[in-house]
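The values are calculated or read from the model by the stated rules, or taken from the named source; none is laboratory data. Only a predicted model underlies this, so the values are computations on that prediction, with no experimental measurement involved. Don't worry about glycine lacking a Cβ; one is built from the backbone with ideal geometry, like all the others, and counts go over all protein chains shown.
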C-alpha cells in the first residue's frame, strides 16, 4: 500500500511504498531529508457534539431551544376566584330576598355587570389561553382584560334598552339580534387577547353564562 508524502521544502507530492514507513530519506527533487509517515492519512478524531449555545455570539446563532416553564396559578389566586364566585352568588341571593324576584334596582344591575366583567375576563383568559406560549402579564394583561370588560358590560347596557318583553313574545327576533351580540363580544376577545375565533367565542360565552346565572337567581329574564 502506497503512502502519500509531501516534501516540506519543494512541496512536491509523491507516493512511497509502505515498506519505507518511518524511515528518513532525501527528496527526489530537492534532496531535503523527508521522514516517511507511518500512516498514509492523518488520524481522524471524533469529538463529542458541542453543548447547545444559549446565547448568540458574533457570527453564531444560538442552538439551545427556548424552553417556556409554565407557572400555575398560586393557591391564593385560586382561592380568590372561588371566593369571588361564591360572593357574587350570595350577593344575588341577598338582592332577591331584599327587593323580591325581578325587582333589583337597575343601578345595582349595571354596577354588578361592570364589576364582574373584569375578573370574569381575567379568569376566562387563564382557563382558555394556549399553554404552549408565554401568557400576557402585568400591565399588558390588565389592559387587554379591561378592553374585554368594557365591551362585555356595554353589551348588557345595550341589552337593557331592547324591548325584552316583546322579543320574548316573538322569540324569532333573537335569531337576528343574538348573533350580533355574540359577534361583538367574541371580536373583543379575538382582538385584545390574541385568541383564535373559537376560543374568543368561548371566552365571551363564559361571561354570559356567569351573568345570566346571576340574573336567574335575581328572578330576571336570562336574555
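Pairing each residue of the stretch 130-155 that is part of a loop (DSSP other than H, G, I, E, B) with any residue that is modelled with pLDDT of 85 or more, provided the two are 6+ apart or on different chains, yields C-beta distances under 7 Å for 135/129; 136/144.
Figure legend. Inter-residue proximity from the stretch 65-89: first residues part of a helix (DSSP H, G or I), second residues surrounded by 10 or more Cβ atoms within 10 Å (Cβ to Cβ) and at pLDDT 70 or above, beta-carbon distance below 7 Å, spacing 6+ or different chains. Indicated pairs: 81/123; 84/119; 88/116; 88/214; 89/217.
Here residue 102 passes the criteria (1) modelled with pLDDT of 85 or more; (2) closer than 30 Å to residue 218 by Cα; (3) within 23 Å of the chain's Cα centre (by Cα) except the one numbered (3).
When residue 113 is tested against the conditions (1) under 17 Å from residue 217 (Cβ atoms); (2) not in a helix (DSSP H, G or I), the lone failure is (2).
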